[in-house]
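Working notes for the structure below.
The values are calculated or read from the model by the stated rules, or taken from the named source; none is laboratory data. As the structure is a prediction and not an experimental result, all values here were calculated from the model. Please note: Cβ atoms are built from the backbone with ideal geometry, for glycine as well, and neighbour counts cover all protein chains shown. Just the protein is used for accessible areas: all its heavy atoms, side chains included, with ligands, DNA and RNA removed. Shrake-Rupley method; radii C 1.70, N 1.55, O 1.52, S 1.80 Å.
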Amino acid sequence: MTPGFGHVVSTAHSRGQLVVQPRMGMPVPADMRAGLLATKRAAAVTVGTVTLDSYTRVGDHAAACRALGNDSSLNGYPVVAHGADTTRWMLSGVRDDTFPVQVRHGSADPRSIFTTLAAVPIDATEGGPVSYCLPYSRMPLRESIRNWTEASRSFAQLQTTGLQPHMETFGGCMLGQLCPPSLLVAISVLEALFFRQHGLRSISLSYAQQTNTAQDEEAITALRDIAAAHLPDVDWHIVLYAYMGVYPRTPRGAQLLLDEAARLAVRAGAARLIVKTAAEAHRIPTVQENVTALETAARAARQERRRSPSQGAGQQIHAEATELVNAVLDLDEDVGCALALAFERGYLDVPYCLHPDNAGRTRSFIDTDGRLQWSTTGSMPVTGVAQSGTTARLTSAGLLSALSYVADKFDWLRQADTADHPTKTEHRT
């Protein structure tokens, strides 16, 4: 079988190298190709990204075709509208055994996308029936699960052609912020089990950087341990996303946050990091800004070392996530059916998620140490396990403050960093 995306990442990880990956998608094939080549040439261990446009994400491929015909702007690469032949040309001479490419999309119905990927073929993509439905779509969850079941089974058939298809869960990134780590860990594991059930044997489990580095390290440790227990016959690795919420407004604050993400990935044993650029607080980044972010993250990673978790670290997150995973799996032998029942009964309930199939009875808050905590757990089966830290009602002003917590913190650290390291002008004066 041809070594694929997962094998490349795992090989780099075994050598002590963190793989870094951009978010990147351009509508014109030549531009997309140039972006991938720039990623490949970066001074870092990289894999490529093709991010799809919004029309393709919602299945409106006719609108994507019209936009291409009118030279209208698209916010990503319309893989279905371009088709397999054009995409095969776009990737020719770019992909090889050391530089795989992953397609990222955000669709609750990825069937036509996956059909095109198989025709190219492209052997790495991501998402999940829950994580690409609740935050991004109004589609009923059960419909998303049916779509993802069909798409995952179809994608797994690439194994019959000698490829090893790789799927990444997006469940560890739910809403990007203010979702306590135990729920992120649980959904990431459950989506991995969903993919495994439908024949995939190369999987990565996601987790998104949150508000407290020590807590994130504990969460990744818990995710790794629970994945090891549930996926003994799967080639898997952990992928960390640099912070996905409101980003620092200053370039230095954004760099400090990205540096922290890279160091966290290495310390906690993640194999891959999805970077974010300083420009993303304001606009879509350029290719060069993406390359700069990749090289910045790689530089920070090279200065860090993996370390064993301290005694007892992560036990709380591990206990909560384990209770959630076991409770969901007890609902039905079919993981997709179990996920649907879990949301109907409120066993899984994402704070601040407005999708009609989310119960909406849980809430979270950021405590005085910067850790994400539960304020109420609704009907989730974690009574006696989860720690609730406050009964105070979160006001709209409090929610806005929580959403900006990380951005404000790292912009403030930028000011402190500047004070400790004055500029040449400040030295002269």
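Structure notes:
- Figure legend. Inter-residue proximity from the stretch 163-179: first residues in contact (Cβ under 8 Å) with a residue 60 or more places away in the chain, second residues open to solvent by 10 Å² or more (accessible area, probe 1.4 Å) and among the acidic types (D, E), beta-carbon distance below 8 Å, spacing 6+ or different chains. Indicated pairs: L163/D123; Q164/D123; Q164/D235; P165/D123; H166/D123.
- Residue, least open to solvent (accessible area, probe 1.4 Å), within the stretch 94-131, restricted to residues that are assigned to a loop (DSSP other than H, G, I, E, B) and among the acidic types (D, E): D123
- Looking across the stretch 137-149, just one residue is open to solvent by 20 Å² or more (accessible area, probe 1.4 Å) and under 19 Å from the mean Cα position of the chain (by Cα), and that is S137.
For (1) under 29 Å from L258 (Cα atoms); (2) in contact (Cβ under 8 Å) with a residue 40 or more places away in the chain, each residue gets a yes or a no:
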residue	(1), (2)
G4	yes, yes
H7	yes, yes
L18	yes, yes
V45	yes, yes
L68	no, yes
G76	yes, yes
V80	no, no
G93	no, no
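- Criterion applied to L175, L134 was being part of a loop (DSSP other than H, G, I, E, B), within 24 Å of T322 (Cβ to Cβ) and open to solvent by 20 Å² or more (accessible area, probe 1.4 Å), and the one residue passing it is L175.
- Just so you know, in the stretch 326-356 the residues that are assigned to a loop (DSSP other than H, G, I, E, B) and of a type in the set (D, E) include one that is least open to solvent (accessible area, probe 1.4 Å), and it is D349.
- Looking only at the stretch 134-176, and only at residues there that are in contact with a strand residue (DSSP E or B) (Cβ under 8 Å, 6 or more places away or on another chain) and among the aromatic types (F, W, Y), the one that is nearest to H237 (Cα to Cα): F170
- Enumeration of residues in the stretch 80-122 that are within 19 Å of A30 (Cα to Cα) and touching a Cys at 6+ places or on another chain (Cβ under 6 Å): A81
- Unique match (being closer than 23 Å to A407 by Cβ, crowded, with 23+ Cβ neighbours inside 10 Å and either without any contact (Cβ under 8 Å) to a residue 24 or more places away in the chain or over 17 Å from the mean Cα position of the chain (by Cα) (or both)) among A278, A254: A254
- Enumeration of residues in the stretch 52-72 that are among the hydrophobic types (A, V, I, L, M, F, W, C) and open to solvent by 70 Å² or more (accessible area, probe 1.4 Å): V58
- The residues in the stretch 330-361 that are over 23 Å from the mean Cα position of the chain (by Cα), within 19 Å of L231 (Cβ to Cβ) and touching a residue at least 12 places away in the same chain (Cβ under 8 Å) can be counted, and the count is 1.
For every residue, the table says whether it meets (1) polar (S, T, N, Q); (2) at pLDDT below 95.
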| residue | (1), (2) |
| --- | --- |
| Q315 | yes, yes |
| H318 | no, no |
| E323 | no, no |
| L329 | no, no |
| E344 | no, no |
| F365 | no, yes |
| Q373 | yes, yes |
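- Taken over the stretch 314-325, the criterion of being surrounded by 18 or more Cβ atoms within 10 Å (Cβ to Cβ), more than 12 Å from I187 (Cα to Cα) and of a type in the set (A, V, I, L, M) is satisfied by I317 alone.
- The listed residues are H61, H105, and the only one of them that is within 25 Å of G171 (Cα to Cα) and at pLDDT 95 or above turns out to be H105.
- Residues in the stretch 294-325 that are touching a residue at least 24 places away in the same chain (Cβ under 8 Å) and not in a helix (DSSP H, G or I): Q303, E304, R305, R306, R307, P309, A313, G314.
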